[in-house]
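The values are calculated or read from the model by the stated rules, or taken from the named source; none is laboratory data. Here the structure is a predicted model, which is why all the values come from computation and not from measurement. Note that we place each Cβ from the backbone using ideal geometry, even for glycine, and neighbour counts take in every protein chain shown. Accessible surface is based on the protein model in full, side chains and every heavy atom, while ligands, DNA and RNA are left aside. Shrake-Rupley method; radii C 1.70, N 1.55, O 1.52, S 1.80 Å.
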Amino acid sequence: MRMGDVLSLSFQALRSKKLRTSLTILGILIGPAIVVGLTGLTLGFSNLIYHNLFSSISPNDVFVNPGNSNLNAYVIQEIQQLKGVKEVVPFYLIPATIQTPSGPMGTEILSIDMSKAQVAFPGLTLQTGQYPSPYSTFGAVVGYYIAHPQYPLQPTYQTGQTIQVVMNTPEGKVTKTFLVTGNFNEFSSAFADVDQSLIVQSIVGRQYYGDQYSGAIVVVDSVSQVNQVVSEIQNTLGKGVRVVSVEQFVTLINQTTASIDGLLFVAGASSFIVAFVGILSTMFTTVVERIREIGVLRAIGFTRRSIMILFMAESIMMGLIGGIAGVGAGVGMGYLLTSLSNSGGGRFGGGGPGGANTFGGGHVTPVFEPVFMLEVIGITAVFSLLAGIIPAYRASRIEPAVALRYEV
């Protein structure tokens, strides 16, 4: 029997029971839709995190937090001399509040050598104004959300204005007035909330903390040397120092994504099993209803093999239609879920001021890989084939004489 005849007869059989076929296909498409939709959503979130992470900081960066240890000029010099280290940028973090007409507003003062800041943070760029001079103790560049507040009652601090802050220093609370020399473009990352901070030259922090730094950013020559540098820093400074690399953060993202993919696999597998049972039930019912038809086909020359192929073709056809429809539904579901996510918080994550997120701004766009979608369609067809084997075999074993005498 020619393949064209098989497909034609199978399609006609499916059309003759439109409602049952439609409901079976609906049950089949749920699995592919869940897997494709949620996987596309996960990849979209992951891509946004990677984009915002690497658009703001360098994959060569290593962040050193002293913890209970001392991070002084001598230690910084030791790190600088390690093999593979390109630059070490120490900084001070000073908790502070901005004195506004509507009351104090929490902030943080990042005191750093601004000539080296862009080496550590390639995505840190000025929107307006300029950096204060290296020896200025009163100049400050404000973060994006201080120059562009997200709440109506917050004051706006632009270039040329003064800003009064109360700093928590080892000497106690110190009130200081800074002149705003510029403001940064939006820059959010997992390591520094620059958007809600004042950035001043390192001389300001040195006035209150001497050479006891809050932390340091180590810029490594190449990504391949990052792990080696991390190990050497830990060996040199001891276990009391916390060392985190951007590469470790990427590894954490990959592990989280892999865990989510595992959950999606379980959810998808459950849906495929439901579809398997649905096809099995449908095909058994079809065999019972078409016993006389099977008898006629056997009487006019169809072999057992031909009957089995015919019923298996119906199963595969439903699987292919359900798989293709499921992939299409999954794509639509992915875009629907991301649009709800983007409109709900305005920004992915919604953790910072005005909905800013830990990893920077941006809308989530689902990512659908063609190869993966073809694999899902193939898996759906295989499940459908497996579900149709037993009913097809049963149909092929029906004797023509018995089938022709059968009354429905």
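Residue under question is Ala147, and the condition is that it be touching a residue at least 60 places away in the same chain (Cβ under 8 Å), of a type outside the set (S, T, N, Q) and open to solvent by less than 50 Å² (accessible area, probe 1.4 Å); does it hold? Spelling it out, it is not the case that Ala147 is touching a residue at least 60 places away in the same chain (Cβ under 8 Å), of a type outside the set (S, T, N, Q) and open to solvent by less than 50 Å² (accessible area, probe 1.4 Å). Taken as a whole, segment 218-229 holds no residue that is of a type in the set (A, V, I, L, M, F, W, C), open to solvent by less than 30 Å² (accessible area, probe 1.4 Å) and within 26 Å of Phe138 (Cα to Cα).
Considering each residue of segment 238-282, count those that are of a type in the set (Ser, Thr, Tyr) and either on the phi > 0 side of the Ramachandran plot or open to solvent by 30 Å² or more (accessible area, probe 1.4 Å) (or both), and give that number.
Counting residues in segment 238-282 that are of a type in the set (Ser, Thr, Tyr) and either on the phi > 0 side of the Ramachandran plot or open to solvent by 30 Å² or more (accessible area, probe 1.4 Å) (or both) gives 5.
For the condition assigned to a helix (DSSP H, G or I) and touching a residue at least 12 places away in the same chain (Cβ under 8 Å), Leu43 qualifies. Among the residues of segment 156-187, those identified as assigned to a loop (DSSP other than H, G, I, E, B) and surrounded by 14 or more Cβ atoms within 10 Å (Cβ to Cβ) are Tyr157, Gln158, Thr159, Asn185, Glu186, Phe187.
Conditions (1) surrounded by 18 or more Cβ atoms within 10 Å (Cβ to Cβ); (2) not hydrophobic (A, V, I, L, M, F, W, C), marked per residue:
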| residue | (1), (2) |
| --- | --- |
| Phe11 | no, no |
| Lys18 | no, yes |
| Ser22 | no, yes |
| Ile28 | yes, no |
| Val35 | yes, no |
| Gly40 | yes, yes |
| Leu43 | yes, no |
| Ile57 | yes, no |
| Pro66 | yes, yes |
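In summary, Ala356 fulfils each of the numbered conditions (1) open to solvent by 40 Å² or more (accessible area, probe 1.4 Å); (2) over 24 Å from Met3 (Cα atoms); (3) at pLDDT below 85 with the single exception of condition (1).
Residue-level check: of (1) more than 13 Å from Ala13 (Cα to Cα); (2) open to solvent by 30 Å² or more (accessible area, probe 1.4 Å), Glu289 misses just (1). The test for being in a strand (DSSP E or B) and not polar (S, T, N, Q) does not hold for Val226. How many of the residues in segment 111-128 are under 18 Å from Gln196 (Cβ atoms) and either open to solvent by 50 Å² or more (accessible area, probe 1.4 Å) or free of Cβ contacts under 8 Å to residues at least 60 places away in the same chain (or both)? Count: 4.
Residues that are of a type in the set (Phe, Trp, Tyr) and in contact with a strand residue (DSSP E or B) (Cβ under 8 Å, 6 or more places away or on another chain) were ranked within segment 175-226; the one that is nearest to Val89 (Cα to Cα) is Tyr213.
In segment 195-211, the residues that are open to solvent by less than 30 Å² (accessible area, probe 1.4 Å) form Cβ pairs under 8 Å with partners that are of a type in the set (Asp, Glu) and modelled with pLDDT under 95, at six or more places apart or across chains, as follows: Asp195/Glu186; Gln196/Glu108; Ser197/Glu108; Leu198/Glu108; Gln201/Asp113; Ser202/Asp113.
Here Met333 passes the criteria (1) under 30 Å from Glu289 (Cα atoms); (2) open to solvent by less than 70 Å² (accessible area, probe 1.4 Å); (3) modelled with pLDDT of 85 or more except the one numbered (1).
For (1) modelled with pLDDT under 90; (2) closer than 30 Å to Phe265 by Cα; (3) touching an Asp or Glu at 6+ places or on another chain (Cβ under 9 Å), each residue gets a yes or a no:
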| position | (1), (2), (3) |
| --- | --- |
| Leu43 | yes, yes, yes |
| Tyr92 | no, no, no |
| Thr97 | no, no, no |
| Ile109 | no, no, no |
| Lys116 | yes, no, yes |
| Thr125 | yes, no, no |
| Ala140 | no, no, no |
